[in-house]
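The values are calculated or read from the model by the stated rules, or taken from the named source; none is laboratory data. Source: prediction; values computed, not measured. No Cβ is skipped: glycine too gets one built from the backbone with ideal geometry, and neighbour counts run over all protein chains shown. In case anyone asks, the SASA skips ligands and DNA or RNA and just uses the protein heavy atoms, side chains included. Shrake-Rupley method; radii C 1.70, N 1.55, O 1.52, S 1.80 Å.
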Amino acid sequence: NLFRLADQDQGFFQRKWTLVNGPVIVGAGPSGLATAACLREQGVPFVVLERAECIASLWQKRTYDRLKLHLPKQFCQLPKMPFPEDFPEYPTKRQFIEYLESYAKHFDINPKFNECVQSARYDETSGFWRVKTVVTSGSNRTEFEYICRWLVVATGENAERVVPDIEGLAEFGGEIIHACDYKSGEKFQGKKVLVVGCGNSGMEVSLDLCNHNASPSMVVRSSVHVLPREIFGKSTYELAFFMLKWLPIWLVDKLMLILTWLVLGNVEKYGLKRPSIGPLELKNTQGKTPVLDIGALEKIKSGDINVVPGIKRFSRGEVELLNGEKLDIDSVILATGYRSNVPSWLQEGEFFSKNGFPKAPFPNGWKGNSGLYAVGFTRRGLSGASSDAMSIAKDIGMVWKQETKQHKKRTIACHRRCVSQF
């Protein structure tokens, strides 16, 4: 098959290429690390490709300083290795990065850094995946190609920032950054800041700005579910997870909203209109994560965070809202989320849809055809990624062990025939 591959592309052997004796994993975030660890436990060799110069680049480079895990640590740990016992229930950003670095070291995972995948396609003639990359080292740029039987897509749901096209934004004149470039509200002290977006990032950035004596206005364009992080001392997520074992999702949603109202009160009078669909059903069907409040709501109630409707247009130093109101602002922070980048490099149309997510819903979106797999696209956070990783490693490991055993049998048989000739 490899010789067929070489014949098909005459320049094949003139380029730098590698035959991988196992799967290629694209992405060294939590999803890629979890898959690699599970493969290591199965005894399957692998190669991990990462475009950045470190593991978990989203966490290391594109998150704000005050970030903590929103869910208790037992729901965020990766397979085969729990968090250290002395970590708090909600580990900090730094603690989570330390955990991931220890995880990679423990399972001897050594990604190939600064290696950006340009394309990946399945070669039906040879039965192999062809993964083309560009390696950057200073001003040097080298092209590589990896040939493998299995391809694991672990680039995740948040590979690229989403920057909306808003009328007049280019004419604004003040500082405009995406939330992935926001670190702290310290440099915004005393400034009027417009935060575009009201998800978990938008809420936390607004809260952080308040804590640094800035004046944030948060754009709430559509409806949003705001839940307390804890209900009567118990994790909201853990409580919902427990109830789902016994009750249908619609009933759990109703109970969660009643409990939320008891804890937070009526949030709609502060401009936070709730969707007609319950928070868990909305997450399952549309992938929209509810906001887990860690203090922003109190700032909204006190007026320190100003909730405003959607944007009509920007102009020099100000923004006009859909209700006709105009606000003078100094800076804009776009908490407008992220998207998958899979369609930009994976040449495949059966398993992944145009939005970069597997077409099959959870729990069946981890395996495609011809040795293609996806991990971390369940919209269920780190627990979903861990589930995918274990399924993928088990599936590949089963084939790997069968073929390894057959290969050993053939080798032994051949050796006996050779000996018998003497």
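Structure above, values below:
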{"quantity": "In the range 356-376, residue surrounded by the most Cβ atoms within 10 Å (Cβ to Cβ) [restricted to those that are within 24 Å of GLY22 (Cβ to Cβ) and under 17 Å from the mean Cα position of the chain (by Cα)]", "calculated": "VAL375"}
{"quantity": "Only one of ILE305, ILE300 that is touching a Pro at 6+ places or on another chain (Cβ under 6 Å), under 30 Å from GLU167 (Cα atoms) and open to solvent by less than 80 Å² (accessible area, probe 1.4 Å)", "calculated": "ILE305"}
{"quantity": "Residue match in the range 302-314 (condition: under 30 Å from SER119 (Cβ atoms), under 29 Å from the mean Cα position of the chain (by Cα) and at pLDDT below 95)", "calculated": "no"}
{"quantity": "Cβ pairs under 9 Å, 6+ apart, first in the range 53-64 and on the phi > 0 side of the Ramachandran plot, second part of a loop (DSSP other than H, G, I, E, B) and open to solvent by less than 40 Å² (accessible area, probe 1.4 Å)", "calculated": "ALA56/ALA28; ALA56/GLY29"}
{"quantity": "Check on ASN266, open to solvent by 40 Å² or more (accessible area, probe 1.4 Å) and touching a strand residue (DSSP E or B) at 6+ places or on another chain (Cβ under 8 Å)", "calculated": "no"}
{"quantity": "Residues of the range 30-56 satisfying the condition of being at pLDDT 95 or above and polar (S, T, N, Q)", "calculated": "SER31, THR35"}
{"quantity": "Check on THR155, touching a helix residue (DSSP H, G or I) at 6+ places or on another chain (Cβ under 7 Å) and either surrounded by 17 or more Cβ atoms within 10 Å (Cβ to Cβ) or of a type in the set (Asp, Glu) (or both)", "calculated": "yes"}
{"quantity": "Out of ILE258, ILE277, sole residue that is more than 24 Å from ARG161 (Cβ to Cβ), part of a loop (DSSP other than H, G, I, E, B) and of a type in the set (A, V, I, L, M, F, W, C)", "calculated": "ILE277"}
{"quantity": "Pairs with Cβ under 6 Å, 6+ apart, first in the range 113-135 and touching a residue at least 60 places away in the same chain (Cβ under 8 Å) and within 18 Å of TYR373 (Cα to Cα), second part of a loop (DSSP other than H, G, I, E, B) and among the hydrophobic types (A, V, I, L, M, F, W, C)", "calculated": "VAL117/TRP345; SER119/TRP345"}
{"quantity": "Test set (1) within 26 Å of ASN323 (Cβ to Cβ); (2) of a type in the set (A, V, I, L, M, F, W, C); (3) open to solvent by less than 70 Å² (accessible area, probe 1.4 Å) - ALA170 fails condition number", "calculated": "(3)"}
{"quantity": "Among residues of the range 204-224, those that are closer than 15 Å to LEU297 by Cβ, open to solvent by 10 Å² or more (accessible area, probe 1.4 Å) and in contact with a strand residue (DSSP E or B) (Cβ under 8 Å, 6 or more places away or on another chain), counted", "calculated": "3"}
{"quantity": "Check on PHE232, touching a residue at least 12 places away in the same chain (Cβ under 8 Å) and at positive phi", "calculated": "yes"}
{"quantity": "VAL44 being assigned by the TED database to the domain that holds GLU143 and assigned to a strand (DSSP E or B)", "calculated": "no"}
{"quantity": "Among (1) modelled with pLDDT of 90 or more; (2) in a helix (DSSP H, G or I); (3) out of contact with any Leu (no Cβ under 7 Å at 6 or more places or on another chain); (4) of a type outside the set (Phe, Trp, Tyr) - the single one GLN406 does not satisfy", "calculated": "(1)"}
{"quantity": "Matching residues in the range 72-86 - criterion: being buried (at least 16 other Cβ atoms within 10 Å of the Cβ), of a type outside the set (A, V, I, L, M) and on the phi < 0 side of the Ramachandran plot", "calculated": "PRO72, LYS73, PHE75, CYS76, GLN77, PRO79, PHE83"}
{"quantity": "So GLY324, is it modelled with pLDDT under 95, of a type in the set (Gly, Ala, Ser), open to solvent by less than 70 Å² (accessible area, probe 1.4 Å) and in the same structural domain as LYS183 (by the TED database)", "calculated": "yes"}
{"quantity": "Qualifying positions in the range 87-121 - open to solvent by less than 70 Å² (accessible area, probe 1.4 Å) and more than 27 Å from LYS183 (Cβ to Cβ)", "calculated": "PHE107, ILE109, VAL117, SER119, ALA120"}
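To keep it simple, each residue is scored yes or no on (1) open to solvent by less than 10 Å² (accessible area, probe 1.4 Å); (2) over 30 Å from GLU89 (Cβ atoms).
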{"position": "ASP165", "(1), (2)": "no, yes"}
{"position": "ILE177", "(1), (2)": "no, yes"}
{"position": "TYR182", "(1), (2)": "yes, no"}
{"position": "LYS191", "(1), (2)": "no, yes"}
{"position": "ASN200", "(1), (2)": "no, no"}
{"position": "PHE232", "(1), (2)": "no, no"}
